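Below is one structure; the comments refer to it alone.
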Amino acid sequence: MAVSYAEANDCTAVYIGAHSEDYSGYPDCRPEFFEAFQPVIDVGTRPETEIDLRAPFVDASKTEIVERGLDLGVPYDDTWSCYRNEPPACGTCDACAFRLQAFQRAGVEDPIEYERRPTYAEE
Ligand SMILES: [Zn+2]
């Protein structure tokens, strides 16, 4: 869908926020997936279309991503990671657990509301 939108709007790149720590549960978060997907974009668009698939955080940890967002002033209270589709975030699904751990490691409290807010031991 993003590539179709990009082609229809003369965009030159599609960005995805996948990152390396999701490899285990989500094989399509691996760099190899994005490398394999680029030729699909190339053959699936008009010959004159050039759209790059970019995954700038693929090799970053979630903690590094949180820290980068803090540097950029990302309004984290407007972001969502939970598998639930409405607030409050559960605090226990994988997405919540990784997110909460990343904020904890960054030394900042995640501003969104959670049903449970477990703390994670450092490894
Ligand atoms: Zn959750």
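Readers should treat all values here as calculations from the given coordinates under stated rules, not as data from a laboratory. Values in this document were obtained by computation on a predicted structure and should not be read as measured data. Please note: Cβ atoms are built from the backbone with ideal geometry, for glycine as well, and neighbour counts cover all protein chains shown.
Using just the helices of the chain, give the 222 nm mean residue ellipticity in deg cm²/dmol: DSSP H runs with n ≥ 4 each add -39,500 (n - 2.57), and the total is spread over all residues, rounded to 500. Before the final figure, lay out the partial values.
Details: 4 runs with 45 residues, N = 123.
Value at 222 nm, helices only: -11000 deg cm²/dmol.
Within segment 26-111, which GluC sites (Glu not before Pro) sit in a loop by DSSP and count at most 16 neighbouring Cβ atoms inside 10 Å? Passing both the DSSP loop test and the Cβ count: Glu48, Glu50, Glu109.
Evaluate the charge dipole of segment 1-60 about its Cα centre and quote only its size in Debye, nearest 20, assuming +1 on the Cβ of each Lys and Arg and -1 on the Cβ of each Asp and Glu. Present the calculation step by step, with values, prior to reporting the outcome.
Numbers: 3 positive and 12 negative charges, 20 e Å.
It works out to roughly 100 debye.
Using only Cα atoms, find the angle between the long axis of helix 62-72 and the longest principal axis of the chain, and express it within 0 to 90 degrees, rounded to the nearest 10. Around 80 degrees separate the two axes.
Compute, for segment 61-123, the length of the dipole vector about the Cα centre, with Cβ point charges of +1 (Lys, Arg) and -1 (Asp, Glu) only. Units Debye, rounded to 20.
Details: 7 positive and 13 negative charges, 28 e Å.
Around 140 debye, computed over segment 61-123.
With charges set only on the Cβ (+1 for Lys and Arg, -1 for Asp and Glu), what does the dipole of the chain come to about its Cα centre, in debye to the nearest 20?
Values: 10 positive and 25 negative charges, 59 e Å.
Result for the chain is approximately 280 debye, rounded to the nearest 20.
Which residue, chosen from Tyr15, Leu100, Ala60, occupies the Cα position most advanced towards the positive end of the dipole of the chain, where the dipole is computed from +1 (Lys, Arg) and -1 (Asp, Glu) charges on Cβ about the Cα centre? Selected residue: Leu100.
What net charge do the residues around Tyr15 carry, taking every other residue with its C-beta under 11 Å from that of Tyr15, with Lys and Arg at +1 and Asp and Glu at -1?
On the way: positive: Arg54; negative: Asp52.
Residues near Tyr15 contribute 0 overall.
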